[in-house]
Amino acid sequence: MATKDEYVQPVLSTEQVLNELQDCSPLQVSKQLINMELHDQRKSLEVMAKIYDEFDTNTNLVDELVEPISLNVLDAFILHPKLKNLKFKAMGISSSRIWNESKQFSYEDANSSDADPLDQYMIARERAGELNQAVNSKLAGKYARSQNDARKQGYGANTNRYMDDDSKKVYSEKHFQGRRRADSELEVNHDGSVKRIWNEKKHAPKGGANHNNKNTDHTVSLKEIFDDYGSNIALSSDDLQAIGNIDDNFKNITAELNNLKRESSWTEVKTLHDTAKRKQAAGQSLSNKEARSLTISDGTIENALEAESLTNKAIQTEAEKRQLENIWGNKKGIRTKVAKKIGTQGVEKAANQSRDEALGHALVLFIKPLLFEMTDIVKHGFTYNTGETCVGAAIAARFKRLSNYMVTNVLPTLKQSFTGFISNFFQNLIAGLGELFKGLLGSILKVVSEGFNAIIQAFKILTEPESSRSKAEKADAFLKLIATTTVTFVVFYFEKTILQALEGSFLKDIILALLTGVASTLVVWALDKMDLFSVKDEKRAARVKEIFDMRIRQIKQNTDAFETAALQTLANNKLQFRQISESMSKAIDDDENVNSSIYSMADFMKIELEIKTTDDFMALLGSQDRLVVS
Amino acid sequence: MFGRLGNWASSAISRVVDKVVEVAKKITNKVIEKGSKCWNGFTGKTTFDKAEQLYQQITDRYDKNKRDYDQASGQLIADIDTQVSSINSFKQDIYQVQFKRFVSLANRLHNVTVKGQPFEELFDDAILEAKTTASVEHRGNLFLIDFNKFDLVRVASYVLTLGFYSRKKAKQTLLKVQEEEVRIDEEITKMKSHQRQLKVVAKSIDGVVEYFDVLINNYSKLLDRFEYGIQSQRHKQMVQSDEIFAHKLDFRLIPVAHIEEFQALFNLSIVLKQMANLGYLSESGKLNPKDTSQAKALFEKVASIQAIAA
């Protein structure tokens with residue numbers, strides 16, 4: 001609110017006028033009077049224009065409405081009981097904190113303290129790992145390598161509960177490509193050259209089983225895989241089989257080496273090898289195995305360890321991929337089977353929960369830039385600081401910015417498996433938001449007409465005096481009313497994508513609330529711009545009246561002061577003059593000395609007379625030849 | 001859901017438009033304009049009518065006030081003009097008559113010169129006129145919507161926007177006219193204030209006229225007294241000497257009373273001279289541009305004549 005001083009008229013008081021008038025000679029009074037300014041020379045039109053300017057740049061909307069709306073939505077999100085495990089409160093994350101941080105948010109300095117809470121995601125993920133142990137291990141059953149073994153265990157004749165399959169053969173054939181001999185995939189001789197292996201035993205040099213015929217070895221043994229993943233209800237027997245027999249798990253090595261390794265891991269083989277070497281150096285006696293292990297070169301051990309670590313990763317990835325597919329993919333089969341098996345939805349819920357919690361965290365990091373964009377739009381308009389001039393392009397630019405932020409700052413901090421899902425989710429969310437903006441603003445008239453009653457009520461609420469309802473309550477009521485109309489839009493744009501993906505999750509309500517909040521903010525912005533009820537115009541008209549009334553009052557006061565003082569002075573002057581002139585007249589008539597009256601008159605008129613006494617005059621007459629009247 | 005809404009909306013709107021077209025065809029313009037209260041309220045015509053009424057009122061008010069003001073100030077300025085003319089003639093009188101007399105009388109005693117010229121005040125009426133008045137804004141600037149122009153497209157647009165647009169514009173118009181009303185009030189107040197100022201100025205000028213009148217009167221009476229005194233002294237001297245054409249009287253020999261009179265006249269002359277040289281309303285000799293050009297022409301003429309003569 002500009003100070004009223006800008007529009008104020010100069011003030012003229014009676015004393016002021018009196019002083020000015022009495023300082024000058026009565027002869028000058030008229031001039032003074034005509035030159036006095038009773039009001040400023042500013043044209044009333046200029047004043048009007050100034051007031052209009054003042055009203056064009058008014059943005060209290062953010063404080064009035066957008067803040068309460070956002071806090072509302074944030075509360076719904078952060079205080080949701082299902083997200084309790086994310087421990088927002090313990091981490092000091094609250095609605096007002098996020099709101100304040102979003103006000104200071106800038107794309108340049110991301111990675112504030114909020115990055116830490118994402119470590120909580122580790123906990124969520126480990127909980128997902130707990131799936132492996134939490135369930136009755138009876139589910140796993142017994143390890144069987146081949147179908148025969150399985151049958152022997154007591155499974156049915158056509159059971160598929162065995163680990164081995166034909167992939168080995170295919171892999172090996174690919175490696176040899178019809179030749180008789182090929183390189184070993186892991187082994188090197190003591191001199192560094194690669195060992196050679198033979199495809200068929202009969203071609204191999206004599207030596208029997210310990211000679212260099214090929215064995216296609218499972219780097220991570222099937223048993224180990226079975227032990228690790230067998231109890232995972234999210235993995236079926238087929239899955240286990242596939243995991244065990246991925247190409248990455250195969251290595252063609254000599255039978256000799258394979259016999260030594262058996263079902264242990266390469267790490268264990270290395271330990272054996274090191275122990276043997278130590279013992280040999282110490283001169284101790286070696287066991288049979290240890291002795292055999294000494295035939296392995298160090299180079300082989302190195303290759304083997306490298307291969308093992310790569311394979312572990314590959315197996316883990318494959319396992320997780322299949323796990324997720326089974327839980328969230330469309331293979332309903334595994335879910336219902338599982339549900340039947342354990343008689344409760346508990347585990348699936350747990351899986352969903354960890355996913356949701358991960359999503360919750362990502363959303364918290366996403367909300368800040370989103371809020372920033374929304375308040376920026378309301379405060380400065382769509383095109384501000386985007387380098388675009390048309391609204392559509394500006395919206396697109398803003399969301400691109402948002403999505404870049406997510407990709408560079410948020411998603412990389414997520415660990416492995418959920419990244420794909422979450423990245424997908426946010427892409428859909430951001431694309432949907434862009435559509436929502438365009439759609440909502442394009443059909444704002446429809447929104448307004450459909451929700452007309454709601455809007456009338458909402459405006460009544462907004463223009464209530466502060467005493468009857470607090471700002472937050474007002475915003476709340478407003479939001480509820482507007483939300484009814486904007487929800488249809490939100491649902492329309494997000495039904496096929498996000499809302500469906502979150503079916504059955506508690507996050508759905510939260511996301512819906514968030515999106516409704518965004519849509520309502522847009523409606524608020526549009527309504528303000530449309531100024532449907534000419535609220536702004538009325539305020540401005542009131543201010544115009546106020547200012548002009550003040551000016552008119554001042555002019556009247558000035559004129560009164562002026563008139564009073566002027567008339568008073570004129571009357572005084574007249575009185576004085578008459579007195580002097582009467583005495584002058586009398587003196588003339590009575591043949592008396594007129595000089596004193598004349599001096600009084602000259603004083604009255606503030607005219608300087610040099611000759612003050614008769615003696616001076618005589619002297620003047622004597623001295624000067626000619627009298628000059630000047 | 002949205003699809004159905006859209007369909008409903010578009011069919012509803014087309015129904016309305018059809019209806020409007022139908023109605024327009026059947027009924028004349030006047031009837032629709034004067035239409036039902038409901039229609040007027042919906043489109044905002046009632047607000048618009050209010051605005052028009054108000055606009056008419058303030059235009060009338062402003063015009064009336066301006067007329068009154070023009071008349072009153074015209075009268076006042078004419079009065080002031082007359083007074084200034086009389087002051088001018090007083091000034092002339094002071095130089096042409098009074099000072100002349102004084103000089104010729106005083107010459108018996110001592111040589112006297114009066115310097116300067118009377119200052120003929122030619123003041124521009126513009127000094128007295130009010131410095132700014134802006135009249136009521138043109139209607140086009142205030143009225144954002146005009147219900148008097150009727151056409152079908154307009155009506156349809158009002159309906160399609162559910163009257164929002166037209167109501168809003170009508171409201172804005174009313175507000176603008178109300179704002180204009182306040183602004184015009186300020187202008188009217190300024191005019192009234194100026195009128196009062198002029199009255200005061202007129203009064204003060206009256207005072208000045210009185211100064212002149214009285215003082216000149218006194219001066220004249222004093223001159224009479226002085227003349228009488230001088231004459232009587234001259235006669236005395238003439239009696240005492242043989243010469244007919246007497247020289248100047250010796251001021252040392254005449255009675256003090258006359259010296260005092262002389263002194264009084266001398267001082268009063270100074271006063272009158274100052275008064276005669278003053279401008280009472282204008283700052284300084286405001287030259288009439290016509291005068292300057294005339295003067296210039298004259299000078300050139302003189303120069304050419306001199307050239308011929310030379």
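Being modelled with pLDDT of 55 or more, within 39 Å of the chain's Cα centre (by Cα) and in a helix (DSSP H, G or I) narrows it down to one of A:Ala319, A:Ala304, A:Ala281, so name that one. Step through it out loud before you land on a result.
On the way: A:Ala304 fails: within 39 Å of the chain's Cα centre (by Cα); A:Ala281 fails: within 39 Å of the chain's Cα centre (by Cα).
Going through A:Ala319, A:Ala304, A:Ala281 in turn, the sole match is A:Ala319.
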Can you name the condition, by its number, that A:Leu324 falls short on among (1) of a type in the set (A, V, I, L, M); (2) modelled with pLDDT under 75; (3) more than 22 Å from A:Gln427 (Cβ to Cβ)?
-> (3)
Tabulated pairs, segment A:38-62, first more than 30 Å from A:Asn100 (Cα to Cα), second at pLDDT 75 or above and loosely packed, with under 14 Cβ neighbours inside 10 Å, C-beta under 9 angstrom, 6+ apart or interchain = A:Leu38/A:Pro10; A:His39/A:Pro10; A:Asp40/A:Val8; A:Asp40/A:Pro10
Need at least 1 residues that are buried (at least 19 other Cβ atoms within 10 Å of the Cβ) and under 60 Å from the mean Cα position of the chain (by Cα) per element, so show me which helices (runs of 4 or more DSSP H) inside segment A:511-630 make the cut, counting only ones lying wholly within it.
-> A:535-589
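Matching residues to (1) over 30 Å from B:Leu222 (Cβ atoms); (2) modelled with pLDDT of 60 or more; (3) surrounded by fewer than 15 Cβ atoms within 10 Å (Cβ to Cβ):
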{"site": "B:Lys26", "(1), (2), (3)": "yes, no, yes"}
{"site": "B:Phe48", "(1), (2), (3)": "yes, yes, no"}
{"site": "B:Tyr55", "(1), (2), (3)": "yes, yes, no"}
{"site": "B:Lys66", "(1), (2), (3)": "yes, yes, no"}
{"site": "B:Asp70", "(1), (2), (3)": "yes, yes, yes"}
{"site": "B:Ala78", "(1), (2), (3)": "yes, yes, yes"}
{"site": "B:Ser89", "(1), (2), (3)": "no, yes, yes"}
Does any residue of segment A:598-609 turn out to be touching a strand residue (DSSP E or B) at 6+ places or on another chain (Cβ under 8 Å), among the basic types (Lys, Arg) and either within 22 Å of B:Val114 (Cα to Cα) or more than 7 Å from chain B (Cβ to nearest Cβ) (or both)?
-> no
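So, in segment B:199-228, of the ones that are β-branched (Val, Ile, Thr) and at the interface with another protein chain (Cβ under 7 Å from one of its Cβ atoms), which residue ends up surrounded by the most Cβ atoms within 10 Å (Cβ to Cβ)?
Applying the first criterion (β-branched (Val, Ile, Thr)) to segment B:199-228 yields B:200-201, B:205, B:208-209, B:214, B:216.
When the remaining residues are screened for being at the interface with another protein chain (Cβ under 7 Å from one of its Cβ atoms), the result is B:200-201, B:205, B:208, B:214.
Values: B:Val200: 22, B:Val201: 26, B:Ile205: 24, B:Val208: 23, B:Val214: 18.
Only one residue tops the list, namely B:Val201.
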State all residues of segment B:91-117 that are closer than 27 Å to B:Val201 by Cβ, within 13 Å of chain A (Cβ to nearest Cβ) and either part of a helix (DSSP H, G or I) or among the hydrophobic types (A, V, I, L, M, F, W, C) (or both); if no residue qualifies, say none.
-> B:Lys91, B:Ile94, B:Tyr95
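What about A:Lys313, is it part of a helix (DSSP H, G or I), out of contact with any strand residue (DSSP E or B) (no Cβ under 8 Å at 6 or more places or on another chain) and surrounded by fewer than 14 Cβ atoms within 10 Å (Cβ to Cβ)?
Yes.
Based on this model, can you work out whether A:Asp247 counts as acidic (Asp, Glu), more than 30 Å from A:Pro205 (Cα to Cα) and touching a residue at least 24 places away in the same chain (Cβ under 8 Å)? Spell out the reasoning first.
Numbers: acidic (Asp, Glu): yes; more than 30 Å from A:Pro205 (Cα to Cα): no; touching a residue at least 24 places away in the same chain (Cβ under 8 Å): yes.
Taking the combined requirement at face value, the residue does not satisfy it.
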Check on B:Arg252, surrounded by fewer than 10 Cβ atoms within 10 Å (Cβ to Cβ) and either under 43 Å from the mean Cα position of the chain (by Cα) or modelled with pLDDT of 65 or more (or both) = yes
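Can you confirm whether A:Asp625 is within 9 Å of chain B (Cβ to nearest Cβ) and at pLDDT 85 or above?
So A:Asp625 fails the test.
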Does any residue of segment B:189-196 turn out to be more than 7 Å from chain A (Cβ to nearest Cβ), at pLDDT 85 or above and either loosely packed, with under 15 Cβ neighbours inside 10 Å or over 21 Å from B:Leu281 (Cβ atoms) (or both)?
-> yes
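The values are calculated or read from the model by the stated rules, or taken from the named source; none is laboratory data. Remember, predicted model here, so these are calculated numbers, not experimental data. Every residue, glycine among them, receives a Cβ derived from its backbone with ideal geometry; neighbour counts consider all protein chains shown.
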